[in-house]
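Here the structure is laid out as structure tokens; the discussion comes afterwards.
The values are calculated or read from the model by the stated rules, or taken from the named source; none is laboratory data. Keep in mind it's a predicted model, so treat the numbers as computed, not measured. For neighbour counting, all protein chains shown are included, and Cβ atoms are generated from backbone atoms with ideal geometry for every residue, glycine included.
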């Protein structure tokens with residue numbers, strides 16, 4: 001099977017591969033400090049369960065990363081992935097001006113990817129994203145190995161910034 005025929009394993013970053021607990025406090029204040037939240041992302045510790053699943057998946061699948069992080073965070077995100085030994089893969093990000101909740105953005109991205117390739121699995125920690133992707137017909141692995149604050153969940157849904 002050629003590389004172009006391999007199925008895809010699609011992974012979220014925050015809360016799936018990267019532990020955001022140390023920076024969630026930036027979203028608990030009003031107004032939320034999104035600049036500081038994203039600026040602290042390079043210091044995220046890896047989540048062992050997610051990293052192991054990504055590495056294991058790379059044996060049979062092409063790994064693709066899909067994140068609600070804005071495009072302006074691309075360099076930090078790529079450096080973080082490489083620095084933690086994650087498999088090489090495309091990184092699909094939200095446009096800087098896109099404020100839609102991830103439960104709308106991510107299924108749209110998956111549908112676009114699925115036009116040309118089988119998506120073997122999609123791994124994400126956001127319950128609403130997981131439900132939307134399951135409803136769209138994708139095989140979802142729910143990343144339940146990270147702690148996510150209520151402030152982050154609310155920010156993801158209301159402000160569509162991650």
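Picking from residues in the stretch 124-162 that are at pLDDT 95 or above, assigned to a helix (DSSP H, G or I) and out of contact with any helix residue (DSSP H, G or I) (no Cβ under 7 Å at 6 or more places or on another chain), the one that is surrounded by the fewest Cβ atoms within 10 Å (Cβ to Cβ) is 135. Residues that are touching a residue at least 40 places away in the same chain (Cβ under 8 Å) and out of contact with any helix residue (DSSP H, G or I) (no Cβ under 9 Å at 6 or more places or on another chain) within the stretch 20-38 comprise just one, 21. The set of residues in the stretch 5-38 being in a loop (DSSP other than H, G, I, E, B) and more than 15 Å from residue 80 (Cα to Cα) consists of 6, 7, 28, 29, 30, 31, 32, 33. In the stretch 39-58, the residues that are assigned to a strand (DSSP E or B) reach residues that are surrounded by 13 or more Cβ atoms within 10 Å (Cβ to Cβ) with C-beta atoms within less than 6 angstrom, at least six apart or across chains, in these pairs: 46/84. The residues listed here are 31, 70, 42; of these, the one that is exposed (fewer than 15 other Cβ atoms within 10 Å of the Cβ), modelled with pLDDT under 95 and over 17 Å from residue 122 (Cα atoms) is 31.
Only one entry of 88, 96 meets the criterion of being in a loop (DSSP other than H, G, I, E, B), at negative phi and at pLDDT below 95, and that entry is 96. The residues of the stretch 66-93 that are more than 14 Å from residue 17 (Cβ to Cβ) and in contact (Cβ under 8 Å) with a residue 40 or more places away in the chain amount to a single one, 70. Checking each residue in the stretch 90-113 for being surrounded by 14 or more Cβ atoms within 10 Å (Cβ to Cβ) and over 15 Å from residue 126 (Cβ atoms) picks out 91, 92, 93, 98, 111, 113.
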